[in-house]
Amino acid sequence: MKILVTPISMQPGKCNAALEQLMAFSEDLVFNPTGRPLAGEELIQLLQDCEGYIAGLDFITAEVMDACPKLKVISRYGVGYDRIDIQAAAERGIVVTNTPGVNAEAVGEMTFGLILAAARQIPYLDRCTRQGEWIRSTGMELKGKTLGIMGLGAVGKVVARCGQGLGMKVIAYDPSINAAYCWNNAIDIVSREKLITDSDVITLHLPLSAETYHLINTDSFAAMKRGMILINVAHGGLIDEEAAYEALKNGRLGGLGLDAFETEPPEHSRLFEFSNVVATPHAAAHTKEAMQDMAQMAVSDLIAVLSGKDCLHIVNK
């Protein structure tokens, strides 16, 4: 049984326990030689004879699936699956699974790292100091500020806990919000509009869909407090990056932390012109602990589906 494994952190020599389990199930494993997400023909070349597929951040379209008639399961190494045509997979009888919850602590902590980095321009000050400059900059204290969380799932809850630990007031918007959880944890439930207008810091943790694409746009920036901080560790398409550029240029946006971009890698993004932009390479989930747990769950899900056993993490039932 041939299986493709594309996540960069699941190549030979990494995630050994999970790979050992997978190798015990199948000796015919194919790995990603490029060191980056795959798309189109290069993905088809590796996947076309496979029955199983542990997928990283690859772009898996209906055309890819049509070229891979043996494929039975796509096991996502991670939570998000917006790069998979879920409907096409269902129509072709291909099961899609993901790994919910296992990287929440890692992504939540990274979110707060970006908040602190943007609030105090830590990367910029580090660069200047290394270059022999000894400058002063005025940052933002977080105590007493309002932290607005869009998407109060597992990651959002970690961010809320961190914010409250620094004395921030936490407000949240989520179309499926758990009111009891918010009540028990001193989180105020607000509308999306009120969150945008009232927050000093906004973090994004929503899925990417037709409804959330460019959720943060020119109108959003116009309604925000001047000098506020925006953090996105979820999906690049949630933010209109051209609108973000203008908001940085006119000072409406005081800081921007991005671990996700609309085009990855972003290469020559105009956002990098600004010293108050902190950028990381979609690395929020990349802790030793989270990678091990994601790999283990992705492998277990794939084996369960291919073995005809129950799987709890199917997203296209």
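Listed by chain and number, the lysines whose C-alpha is less than 21 Å from the C-alpha of Lys317, apart from same-chain residues fewer than 8 away, are Lys70, Lys72, Lys309. Taking a label point 7 Å from the Cα of Arg192 along the Cα→Cβ vector, which residues of the stretch 157-173 have an amide N closer than 16 Å to it? Of the residues in the stretch 157-173, 172-173 have backbone N under 16 Å from the label point off Arg192. With a simple spin-label model that places each label point 7 Å from the Cα along the Cα-to-Cβ direction, the separation between His214 and Glu91 comes to 2.6 nm. Of all aspartates and glutamates in the structure, those lying under 17 Å Cα to Cα from Lys249, and not within fewer than 8 positions of it along the same chain, are Asp219, Asp240, Glu241, Glu273.
Note on the chain: helix-only mean residue ellipticity at 222 nm, from DSSP H runs of 4+ residues weighted -39500 (n - 2.57) and normalised by residue number, equals -10500 deg cm²/dmol. Positive end of the dipole of the stretch 51-164 (Cβ unit charges, origin at the Cα centre): among Gly108, Ile135, Val64, the Cα lying farthest that way belongs to Ile135.
Summing Cβ point charges (Lys, Arg +1; Asp, Glu -1) relative to the Cα centre of the stretch 104-279 gives a dipole of roughly 740 debye. Computed from the C-beta positions of Ala179 and Asn250 and an R0 of 30 Å, the FRET efficiency is 0.20 to the nearest 0.05.
Any read-out appearing in this document is the output of simple, stated calculations on the displayed coordinates, not a laboratory observation. Here the structure is a predicted model, which is why all the values come from computation and not from measurement. All Cβ positions, even for glycine, are placed from backbone atoms using ideal geometry, and neighbour counts span all protein chains on display.
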